[in-house]
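To keep things clear, I will list the structure first and then write my remarks on it.
The values are calculated or read from the model by the stated rules, or taken from the named source; none is laboratory data. Quick caveat, the model's predicted, so the values are computed rather than measured. Glycine also receives a Cβ, built like all others from the backbone with ideal geometry; neighbour counts cover every protein chain displayed. Side chains are part of the model used for accessible areas, which takes the heavy atoms of the whole protein and leaves out ligands, DNA and RNA. Shrake-Rupley method; radii C 1.70, N 1.55, O 1.52, S 1.80 Å.
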Amino acid sequence: MKAEDLELDELVQFASGSLSLHGRRLVLHSSDAFGQFRQDLVKMLGPENARRLFTRFGFFWGQADAAAMKRIFQWKDITELLKAGSRMQTLEGIAETSVRKLELDETKRLVEMEVSWQDSVEALEHRTVLGPADSPVCWKLVGYMSGYVSFCLNTNVYFLETGCRASGDLDCRAVGKTRENWGEQIEPHLPYFSAEDIVGKVALLTEELKKKSRELARQRDRLESLRKEGSPFLAEAKSVVLRRVLEMAERVAKFDSSVLITGETGVGKEVLARHIHDASHRESGPFVAINCGALPETLLESELFGHKAGSFTGAIRDRAGFFEAAGGGTIFLDEIGDVSPAMQVKILRVLQEREVLRVGESVPRKVDVRVITATNRHLDEEVREGRFREDLLYRLRVVEIEVPPLRRRQEDILPLARHIAARLAKGLNLPQLHLDATCIDVLLAYPWPGNVRELENAIERAAVVSVDGIVRPETLPPEIQHHAAGIPKPSLSPTRTLAALEMDYIRAVLQSTGGNRQAASRILGISPSTLWRKLKE
């Protein structure tokens, strides 16, 4: 067997998803990516420690290839086995390697081997990312030949690079000898073949990685907590439109820019606001939410900005407002489109000056808070009709994120419904609670005008009225059942009596159930006996 007889397609088995060298797993990697990796290591560890790492990497690589050569083939000539190392480097694309000199005396354990590397990919990587070098930089190649020859001869052989294209030479060359052959010349280079000097650096990097891992784990825990405790809005984003919303939220979370979240009632605007807060650098600060449309203007001003004791009846002590309470964190103003023009002016001042004025005080107070707002109104139309300040809208809408209604993302309905059912199974102590297959079409057919909130309420209602812990069509709210069954609405002519309207509706429900009075009574929300009585009447 000669080294020049080795061929790549006879050594490497190519299969979908894996490469192997007679049982040893191989991985293809990009030279450009490895060049970037080299640059990062040099910057993080310094050139000396980076050289140690690459030399050790090459050393183990060479040993593994030498083991494969001895395992696969019977070598009658030990020199051919040594030359096979240079042939393997060529086949693996490391460089066009040739042996220029090989002197071996096995009895005296003396060896001297000289190799040259044409078109060394390592020299190219170094020049590309770090520029010309002051000294040879083919550290992996040196380590490889050292490991390969050492394994073959069962004694330590060290290669030193004597020329390198990265440092201006015509080609890359190296000479390998035993430690005894090298004498004192090898002493300064021995640390590069030892991992002991970089243990401290690697330990520091390991700690940094552990910190990053812990932080990622905390973020995952926060998201999981959000999914379990709040709305299931983030349970599973199957639809493309919702995934785009979440991607935008992740991007804007990194900055303190004001965000306006728009969308219909019940789509999960507050949940998205919390998600932005939790993904931001303010995540350790408070998240304060207030529904601006639920409070009268006088009370809203006190709640947002705070008040001084005695400033109005009932103000018995000084109190900080929500803007101050959210210091270092995020304030979420829901239904911002419902606030009065006078309150709009005061909120605009907070955004412009980053300070609040408590009711009854004359000295403003600085606040450090991110502002996220939400509305189900069309604020551009509100501006045109003079009900909302245009300058405030510009301040609030640095970034606008529209949350699509549930009817525009049908792919999310079933994952949400299943998530809600799983959560209710724990909260209501109904371990068997689950969706029956017959209700899938019913859930998908309904337009969900109340969006995720309506879906939550519907599943909870079905869970409560279910007798066996199974959500079936007849346990869902009547409006959802009627929509699926296509039951016509009774005529609301003012000339008809209430009893006639009721009877028309009962007949329509019975017709939809094929005359099944048990099912009809469940849809009507009355007992079978009540239905029997009404039919008798």
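Worth pointing out:
- All told, V42 meets the bar of being in contact (Cβ under 8 Å) with a residue 12 or more places away in the chain and more than 26 Å from G85 (Cα to Cα).
- Members of the range 316-333 that are surrounded by fewer than 20 Cβ atoms within 10 Å (Cβ to Cβ) and modelled with pLDDT under 90: I316, R317, D318, R319, A320
- Complete set of residues in the range 465-500 that are in a helix (DSSP H, G or I) and either modelled with pLDDT of 85 or more or under 24 Å from V267 (Cβ atoms) (or both): V465, P473, E474, T475, P478, E479, I480, Q481, H482, H483, A484
- For the range 183-191, the condition of being at pLDDT below 90, open to solvent by 60 Å² or more (accessible area, probe 1.4 Å) and hydrophobic (A, V, I, L, M, F, W, C) holds for none of the residues.
- Selection of the range 351-384 for residues being in a helix (DSSP H, G or I) and touching a residue at least 40 places away in the same chain (Cβ under 8 Å) yields L351, Q352, L379, E382.
- Those residues of the range 291-315 which are among the hydroxyl-bearing types (S, T, Y) and open to solvent by less than 20 Å² (accessible area, probe 1.4 Å), in sequence order: S302
- Scanning the range 156-182 for residues that are open to solvent by 10 Å² or more (accessible area, probe 1.4 Å), touching a strand residue (DSSP E or B) at 6+ places or on another chain (Cβ under 6 Å) and in a loop (DSSP other than H, G, I, E, B) turns up D169, D171.
- Taking strands (runs of 3 or more DSSP E) as the structural unit, those lying wholly within the range 1-84 and holding at least 3 residues that are farther than 20 Å from E114 by Cα and open to solvent by less than 80 Å² (accessible area, probe 1.4 Å) correspond to 12-15, 18-21.
- So G360, is it at positive phi and open to solvent by 40 Å² or more (accessible area, probe 1.4 Å): yes
- Of all residues in the range 260-302, those satisfying the criterion of being closer than 19 Å to P405 by Cβ and outside any loop (DSSP other than H, G, I, E, B) are L260, I261, T262, K269, E270, V271, L272, A273, H275.
- Criterion applied to A421, A462, A458, A425 was being modelled with pLDDT of 90 or more, in a helix (DSSP H, G or I) and surrounded by fewer than 18 Cβ atoms within 10 Å (Cβ to Cβ), and the one residue passing it is A425.
- Restricting the range 250-267 to residues that are more than 22 Å from P449 (Cα to Cα) and polar (S, T, N, Q), the residue that is most open to solvent (accessible area, probe 1.4 Å): S257
- Where a residue in the range 455-474 is in contact (Cβ under 8 Å) with a residue 60 or more places away in the chain and its partner, wherever it lies, is buried (at least 17 other Cβ atoms within 10 Å of the Cβ), with Cβ under 6 Å and at least six apart: E456/I420
- Only residues that are assigned to a strand (DSSP E or B), closer than 30 Å to L41 by Cα, open to solvent by 60 Å² or more (accessible area, probe 1.4 Å) and free of Cβ contacts under 8 Å to residues at least 40 places away in the same chain were counted across the range 94-152, and they come to 1.
- The residue pairs whose first member lies in the range 26-38 and is closer than 11 Å to V121 by Cβ and of a type in the set (A, V, I, L, M, F, W, C), whose second member is modelled with pLDDT of 85 or more and open to solvent by less than 100 Å² (accessible area, probe 1.4 Å), and whose beta carbons are closer than 7 Å, counting only pairs six or more residues apart or on different chains, are F34/E125.
- Residues satisfying the stated conditions in the range 428-455, i.e. more than 23 Å from T265 (Cβ to Cβ) and open to solvent by 50 Å² or more (accessible area, probe 1.4 Å): L428, N429, L430, P431, Q432, H434, A437, T438, D441
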